[in-house]
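The values are calculated or read from the model by the stated rules, or taken from the named source; none is laboratory data. Fair warning: this is a prediction, and the values are worked out from it, not measured in the lab. Note: ideal-geometry Cβ built from the backbone for every residue, glycine included; neighbour counts use all protein chains shown. Surface areas here come from the heavy atoms of the whole protein model, side chains and all, with no ligands, DNA or RNA. Shrake-Rupley method; radii C 1.70, N 1.55, O 1.52, S 1.80 Å.
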Amino acid sequence: MTQTDTTLFGRIIRRELPADIVYEDDELIAFRDIAPQAPVHVLFVPKTPIATLNELTPEQAPVIGRLALAAANYAKEQGFAEAGYRIVMNCNDNGGQTVFQLHLHLLAGAPLGGFGEGR
Ligand code: 5GP
């Protein structure tokens, strides 16, 4: 994440804004969503600035795997992997994206209903 990244999530990564951080490594950070849409709602964010999935380059594609793996590891650690969960990435207006730093939503803790409901 460079100093030119002025998104909310860039500011959280640089500790300029507080967040309830549940995981961090060299490549990504995970913190609780401020407006949870499920009992568990954690955002997994790469430290590399990537505005949307549309900007992802082939070289950056492994970033998506790292986000997904971190989410699955978190689900296992927290004991809800077997019960199940949902991961979501929103892209641009019709996808409902509001923060233009790539992120993966992890939703869990209750039956989530039909796809697309509740978000
Ligand atoms: P998007 O709609 O871009 O896919 O997801 C952005 C998410 O960021 C939303 O679910 C929203 O609730 C969350 N969010 C927005 N501002 C903040 C914040 O300042 N802190 C945290 N922890 N989450 C935020």
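Residue-by-condition table, conditions (1) of a type outside the set (A, V, I, L, M); (2) at pLDDT below 95; (3) closer than 18 Å to PRO111 by Cα:
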{"site": "ILE29", "(1), (2), (3)": "no, no, no"}
{"site": "ASP33", "(1), (2), (3)": "yes, no, no"}
{"site": "LEU43", "(1), (2), (3)": "no, no, no"}
{"site": "ILE50", "(1), (2), (3)": "no, no, no"}
{"site": "GLY65", "(1), (2), (3)": "yes, no, no"}
{"site": "GLY84", "(1), (2), (3)": "yes, no, yes"}
- prompt: open to solvent by 90 Å² or more (accessible area, probe 1.4 Å) and touching an Asp or Glu at 6+ places or on another chain (Cβ under 7 Å), is that true of ARG15?
  reply: no
message: List pairs: first residue in region 23-40 and more than 18 Å from ARG11 (Cβ to Cβ) and open to solvent by 50 Å² or more (accessible area, probe 1.4 Å), second residue within 11 Å of the ligand (Cβ to nearest atom) and not in a strand (DSSP E or B) anywhere in the structure, Cβ distance under 8 angstrom, at least six positions apart or on different chains.
response: GLN37/ARG119
- request: Could you check how many residues of region 74-119 are touching a residue at least 24 places away in the same chain (Cβ under 8 Å), open to solvent by 40 Å² or more (accessible area, probe 1.4 Å) and part of a helix (DSSP H, G or I)?
  value: 2
query: If you go through region 1-55 one residue at a time, how many are within 12 Å of the ligand (Cβ to nearest atom) and part of a loop (DSSP other than H, G, I, E, B)?
result: 14
